[in-house]
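To start, the structure under review is shown below, and the notes come after it.
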Number of protein chains: 4
Amino acid sequence: MSGNTFGKLFTVTTFGESHGVALGCIIDGCPPGLALSEADLQADLDRRKPGTSRHTTQRREADEVRILSGVFEGKTTGTPIGLLIENTDQRSKDYSKIASQFRPAHADYTYMHKYGTRDYRGGGRSSARETAMRVAAGAVAKKFLAERLGIQVRGYLSQLGPIKAEKHDWDQVMENPFFCPDADKVPEMEAYMDALRKEGDSIGARINVVAEGVPPGLGEPIFDRLDADLAHALMSINAVKGVEVGAGFDSVEQKGTEHRDEMTPEGFLSNNAGGVLGGISSGQPIVASIALKPTSSLRLPGRAIDVDGHPVEVITTGRHDPCVGIRATPIAEAMMAIVLMDHYLRHRGQNGDVEVTTPVLGQL
Amino acid sequence: MSGNTFGKLFTVTTFGESHGVALGCIIDGCPPGLALSEADLQADLDRRKPGTSRHTTQRREADEVRILSGVFEGKTTGTPIGLLIENTDQRSKDYSKIASQFRPAHADYTYMHKYGTRDYRGGGRSSARETAMRVAAGAVAKKFLAERLGIQVRGYLSQLGPIKAEKHDWDQVMENPFFCPDADKVPEMEAYMDALRKEGDSIGARINVVAEGVPPGLGEPIFDRLDADLAHALMSINAVKGVEVGAGFDSVEQKGTEHRDEMTPEGFLSNNAGGVLGGISSGQPIVASIALKPTSSLRLPGRAIDVDGHPVEVITTGRHDPCVGIRATPIAEAMMAIVLMDHYLRHRGQNGDVEVTTPVLGQL
Amino acid sequence: MSGNTFGKLFTVTTFGESHGVALGCIIDGCPPGLALSEADLQADLDRRKPGTSRHTTQRREADEVRILSGVFEGKTTGTPIGLLIENTDQRSKDYSKIASQFRPAHADYTYMHKYGTRDYRGGGRSSARETAMRVAAGAVAKKFLAERLGIQVRGYLSQLGPIKAEKHDWDQVMENPFFCPDADKVPEMEAYMDALRKEGDSIGARINVVAEGVPPGLGEPIFDRLDADLAHALMSINAVKGVEVGAGFDSVEQKGTEHRDEMTPEGFLSNNAGGVLGGISSGQPIVASIALKPTSSLRLPGRAIDVDGHPVEVITTGRHDPCVGIRATPIAEAMMAIVLMDHYLRHRGQNGDVEVTTPVLGQL
Amino acid sequence: MSGNTFGKLFTVTTFGESHGVALGCIIDGCPPGLALSEADLQADLDRRKPGTSRHTTQRREADEVRILSGVFEGKTTGTPIGLLIENTDQRSKDYSKIASQFRPAHADYTYMHKYGTRDYRGGGRSSARETAMRVAAGAVAKKFLAERLGIQVRGYLSQLGPIKAEKHDWDQVMENPFFCPDADKVPEMEAYMDALRKEGDSIGARINVVAEGVPPGLGEPIFDRLDADLAHALMSINAVKGVEVGAGFDSVEQKGTEHRDEMTPEGFLSNNAGGVLGGISSGQPIVASIALKPTSSLRLPGRAIDVDGHPVEVITTGRHDPCVGIRATPIAEAMMAIVLMDHYLRHRGQNGDVEVTTPVLGQL
């Protein structure tokens, strides 16, 4: 299958460029009977939406999603769900520079090598704008998981550059523009970001995602382990350079007696596994963490080459997030939800829960 | 597709349990004309083989692979390649304890929940023994990549518990039982492992894998990015808890001016990207790093439950690696080679006609 | 992958119901550099469009397609192509009867059993209206095949109920509303259809599709043979009940000496194989034929049951094709083109480097 | 996925050439808990085995299958099932002629074009010998379908060249070497085959396959309809040139009032649909019919070319079936069973039926 589809039974296929006509998505495999409306998707889209605080890009996108199919009388029918977001903020601007240069740390150079051409307007397909559709599709998965299985998928920013969240209060996450669970660190983060913007530089971040209520048994060893598919999903998000499950890289220095999660009839005594043993969910919370690199678009000059191979100095003007990690929390949640949804269906089938009351006919 | 197949055009499907009759594998999609014999696979299998030093399990497996199809007159024909390794060291032993207990940090508990049954002999399908077939399949990919494209895939152990390799000499990697590139650290590692075995405990490790000579253009955004598929492949290896590409988690604290790899006509000036930009290879070395948890089988007692939910104390006797990371280097190489091979074929298909006139950059 | 995606490297994923907001499609894997505009798709859409003669349904659909992504400066970029057709003729009508009844030979009963619900308006997802998107996607494949490879995919109606085309003139196919290659039979067909409409009944048809210029070597044995994928594609079209390749069912009574296509240095002497040997294209024209059942929507009453299992008499009023086969020619062409496109890309990937020195035979 | 895998949740991947070391297969996705032994597979393999009557090839193959994995204590475990059949009758013979010639109606010419090489011994991968593995895998599917769902998949030869079965008695099918349900026609078939062998020619055949007890709801529109996947599966069998479902090509001349299967509370009144409506099973028997071409290997000379493009006269000596259709009944059954199994799992999930009695642990 081509690279713009994710999932095997719950599949999400997307299209759309940063400055094209629209972004779209087809969700195939959503079970019938789920109550669904645009409002259900809009909440998460608004969390990802640019321009909601001074710390993110000031590009203004309404990001209004329309459901074009697959829902009838307010409920999913089991047929594919078509989603569409029209691009509204396509400023006409001069693209001649970006067209002729390969910006450092961007996909300009590699897209050109792969395709022999590229839509350079705002990064085209390689722009993080495509993640809007991941968030919309993830919202469908999150709703199904919550309503049918009682699974809750939530994320938060655990580190912004050098600043680490030290306390963890889920109630704080939605109260600040960073999705930070430690209210005490928010002023520090705000000051850091203000200084960074002045400086013209950018910074990396770390996001954690947690799914609670996942039943044991999800995951398809040996290659499609739950954690392997999760790594695939999370690493496919723009700017992600690392993925951990459970203890992650701390495992390197752990001894077996420290790492192993002992069990008692009352439950596991720790969760270094991050909720996955042998590639299959254990019933504990699924815990993942990702590293996001700093934004590549900087107004500080950088050395690069142009399309003819000559050296150039690249300066990126315009509206950009100084920390792409800030808006990444809903995207990471979406990808985890999509993975869990897909594995639930692989384990249980697309219509395993359908209750049919229709009479069954034979042949006379 | 079910979970025991990896890849889309170069597909590897495996079977086999730790103490079953045999392990096997079907490689589908290997291009015709590649010279191939058992000896080509055996070299890597021998590197993974248990019992080659006192630091790994003393289980004795010949791990002799047979090619059953797909090769004619010494060359691949383009038809599927069947591989088989018969299990020779299946000691008859008393499995009654392992049958009735869920060992902590093992897949016993989750397999039981998923399948309602499990082959408990030596871990069955969840045993790392299945990785022998990954290594055999990876050897085919490595040979194709080397001979047709000049790509070299190599790995090494960069950290054993608290001990980090500090020097990097490729020539040393094959000279010690740890695949450690820093000869000075080898005695320290040996002493550490000896102490650990006495203690009865185990330890984690970190493995790095590098592919040199990869042409720019491989990777299928937006979901099947090269790094995302790599994360999938590497996280699917037993005991892996984290995957990094390039700067990995260091990106969190990097500023944009530090992270971005500037370009000059002579090449990239750094490789924080790890050879992947926008999910597509850049022509720089592909660099990945993985964290392996400590072995879960310990003779030190651990709390657990039995199949009826009663508390038990688990003690694992028998032959086990105190550090699964030690034998993981050839496995990680194999998975990276399989991913590159698959992406090469996917790219050749969709973009076989693309003429690219862009300059190809290396690394200074 | 879920059931609304076709293809492995050239994938077509569609959504949309008969009376929903819109129909849509994502084409993933189209190589970059193909000149493409809406007009290229519209020509085939207009051939399939209802209401172009008195012999098809009088539902009026503009079927105007928009390209939403994947095309930049008039050429494909290699990124996914999003297509959209808004439904314009959604008459508000009383659906209470169709909602409560299972019409004979329709998918009402089976959709209800599969999904436990159904969008009954105009048949919802099971309506042949979805084939508009197949035609649009097929037009992209046809253009690529024609421009890059010189492959021409064309179809025609070879039989309308009892009336068989006896002459074959490609130039006539586009000159009559039946896509019939035998001009002499057209008046007979018109009279037959007029009588049928008066009667209130419907009739089956046979469509043939031919691809000329296909290079030898396409097809992926043993399961994804070219003819097997073609059978899949053609049988997936609404109302199709049979698929033949080459001599098809005539092969049953043929002797080996009659069926085998002998070869001379000048070419094959016959084409009973239909251009496929061992599942791989031979260089001869690919020839397939399909049977389409008569339309199920009739104003003549039929026995059926309602959703509670009680007997009802069903009468379908409204606008329906008395012969669905009449508009099926462009759909069959589209599916054959999609299959060839997909196999071309699969072959280029796995065998892009193969040098073949074997003589290429045509047909005398 | 590459071309040697069939299915999405119940996947069958095969390898092996006619005169290679062995044939093999990996079944992935078989649910746990199915009682399974070699004997369960051997029965169907013996029905397909050559040399059981004078009307089939006298090649002697034991076709003894071994189960290498996926079964523990007599039951499937949910992990992949490895199967192996060693080739025993590999006569050493002179292959120089077949190596240098392209036999008419064989895959010699097309394999050479696809792969640039071929294993010419006995047809290599293109030999019908590979169908042994389809039969073995199909036997697993048949057993699951029968035991868990009460589905029975059976086939028969309905036509041998000009001779059509007119009566239908299931009890007769296993009583004669043709799998013919009409005992009265058997002597005629025997005489016909005897004459054909003397003549040196071959003949085509028609096989019907029927699945009874299939619940309504299986099939994944719009592309993976049950009938479309069935067409794919059946057309992928060697020598098949046509596939029909239900009324098949008779639909072309049927009127709607004749074709539509009316329903009453007691059941459907006919089965022109062949058990599939809108691509989904209706609860009626699934009925398919296939056309098999006559064997291409004839001792009567045929015109062909050699690898250098020169004209040659080809004569095939050795052991060949004069009617490949005779042994095709178990193969067609196998493919139908695999399709039904796959669709059952897609609808219900791989583990939808698993009953787990293990305690579920949380986290303290």
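Under a Cβ-Cβ cut-off of 13 Å, what is the net charge of the residues other than A:ASP229 that fall near it, where Lys and Arg count +1 and Asp and Glu count -1?
-3
Which residues, if any, in segment A:23-45 lose at least 40 square angstrom of accessible heavy-atom surface (probe 1.4 Å) when the other protein chains sit next to their chain rather than the chain being alone?
With the partner chains in place, segment A:23-45 has these residues losing at least 40 Å²: A:ILE26, A:ASP28.
Within chain D, which is the longest segment containing none of the GluC sites (Glu not before Pro) that sit in a DSSP loop and have at most 11 other Cβ atoms within 10 Å?
D:167-354
Students often get this wrong: which residues of segment C:185-219 have the backbone nitrogen under 18 Å from the point 7 angstrom along Cα-to-C-beta of C:LYS164?
Under 18 Å, as judged by backbone N against the label point of C:LYS164, lie C:185-186, C:188-189, C:204-209 of segment C:185-219.
Have a look at segment D:237-257 and report residues whose accessible surface goes down by 30 Å² or more when the remaining protein chains are included, against the chain on its own, probe 1.4 Å, ligands and DNA/RNA excluded.
Residues losing area: D:LYS241, D:VAL243, D:VAL245, D:PHE249, D:SER251, D:VAL252, D:GLU253, D:LYS255, D:GLY256, D:THR257.
Within 10 Å of each Cβ in peptide A:209-219, how many partner chain Cβ atoms are there on average? Round it to a whole number, please.
Shielding by partners across A:209-219 averages 3.
What's the center-to-center distance, using Cα atoms, between segment A:120-194 and segment B:110-170 in Å?
33
Under the convention of a label 7 Å out along Cα→Cβ, give the distances in nm from A:GLY267 to the same position in every other copy, shortest first.
Label point to label point, same position, other copies: 5.4, 5.5, 7.6 nm.
Near C:HIS343, within a Cβ-to-Cβ distance under 10 Å, what is the net charge of the other residues, with Lys and Arg +1 and Asp and Glu -1?
Once all neighbours under 10 Å are counted, the net charge is 0.
In Å², nearest 100, what accessible area do chains B and D bury in total when the solvent probe is 1.4 Å?
Buried surface at the B/D interface: approximately 4100 Å².
Can you give the Rg/Rh ratio of chain B, where Rg is from the C-alpha atoms and Rh is the Kirkwood radius?
Dividing the radius of gyration by the Kirkwood radius yields 0.98.
May I ask which residue of chain C has the beta-carbon nearest to the axis carrying chain C onto chain B, and at what distance in whole Å?
Whole-Å result, nearest residue of chain C to the axis: C:GLY349, 1.
Using a ≥ b ≥ c from the Cα gyration tensor of segment A:120-219 (square roots of the eigenvalues), is it rounded, prolate or oblate, where a/c under 1.5 gives rounded and otherwise the larger of a/b and b/c decides, a/b for prolate?
The shape class here is oblate.
Calculate the dipole size of segment D:5-351 relative to its Cα centre from +1 charges on Lys and Arg beta carbons and -1 charges on Asp and Glu beta carbons; express the result in debye to the nearest 20.
For segment D:5-351, the charge dipole is close to 920 debye.
Quick check: pseudo-label points 7 Å beyond the Cα along Cα→Cβ at B:THR88 and A:LYS75, how many nm apart are they?
Each label point is offset 7 Å from its Cα along the Cβ direction, giving 6.2 nm.
Which value in deg cm²/dmol, rounded to the nearest 500, describes the helix-derived mean residue ellipticity at 222 nm for chain A, given -39,500 (n - 2.57) per DSSP H run of n ≥ 4 and division by the residue count?
It comes out at -8000 deg cm²/dmol, rounded to the nearest 500.
Give me the mean projected area, in nm² to one decimal, of the convex hull enclosing the Cα positions of segment B:271-355.
Averaging across all directions leaves 10.0 nm² for the Cα convex hull.
Points 7 angstrom from Cα along the Cβ direction at B:VAL307 and D:LEU269: gap in nanometres?
5.6
Measure out, as a whole number of angstrom, how far apart the alpha-carbon centroids of segment A:273-299 and segment D:7-34 sit.
What the calculation gives is 34 Å, centre to centre.
Would you compute the Debye intensity of segment A:1-74 from its alpha-carbon atoms alone, equal scatterers and no solvent, and pass along log10 I(q)/I(0) at q = 0.18 Å⁻¹ to two decimals?
Calculated log10 I(q)/I(0) at the listed q: -0.92.
Treating only the Cβ of Lys, Arg, Asp and Glu as charged (+1, +1, -1, -1), what charge dipole size does segment B:143-266 show about its Cα centre? Round to the nearest 20 debye.
It comes to approximately 360 debye.
Which percent of the accessible area of the protein assembly as shown is formed by carbon and sulfur heavy atoms (probe 1.4 angstrom)?
That fraction is 48 percent.
Distances from C:PRO215 to the same position in the other copies: list them in nm, one decimal, shortest first, using label points 7 Å from Cα along Cα→Cβ.
Its label point is 1.6, 4.8, 5.1 nm from the equivalent points in the other copies.
What does the accessible area per residue of segment D:5-351 come to in Å², with a 1.4 Å probe and no ligands, DNA or RNA counted?
28
Around A:PRO359, with a cut-off of 11 angstrom between Cβ atoms, what is the net charge of the other residues, counting Lys and Arg +1 and Asp and Glu -1?
Neighbourhood net charge equals -3.
What is the Cα coordinate range of the protein assembly as shown on the first, second and third principal axes, sorted by size from largest, in whole angstrom?
Largest first, the protein assembly as shown extends 84, 69, 64 Å along its Cα principal axes.
Distances from A:LEU149 to the same position in the other copies: list them in nm, one decimal, shortest first, using label points 7 Å from Cα along Cα→Cβ.
Going from nearest to farthest copy, the values are 2.3, 3.5, 4.0 nm.
Under a cut-off of 21 Å between alpha-carbon atoms, report the lysines in cross-link reach of D:LYS49, not counting same-chain residues fewer than 8 places apart.
Reachable lysines: D:LYS142, D:LYS143, D:LYS293.
Efficiency by 1/(1 + (r/R0)^6): what FRET value for A:ALA35 and A:SER96, r their Cβ-Cβ distance, R0 = 41 Å, to the nearest 0.05?
With R0 = 41 Å, the Cβ-Cβ based efficiency is 0.25.
The values are calculated or read from the model by the stated rules, or taken from the named source; none is laboratory data. All values reported here derive from a predicted model rather than from experimental measurement. Reconstructed Cβ throughout: ideal geometry from the backbone, glycine too, with neighbour counts over all protein chains shown. Protein only, heavy atoms only, side chains kept; ligands, DNA and RNA dropped before computing areas. Shrake-Rupley method; radii C 1.70, N 1.55, O 1.52, S 1.80 Å.
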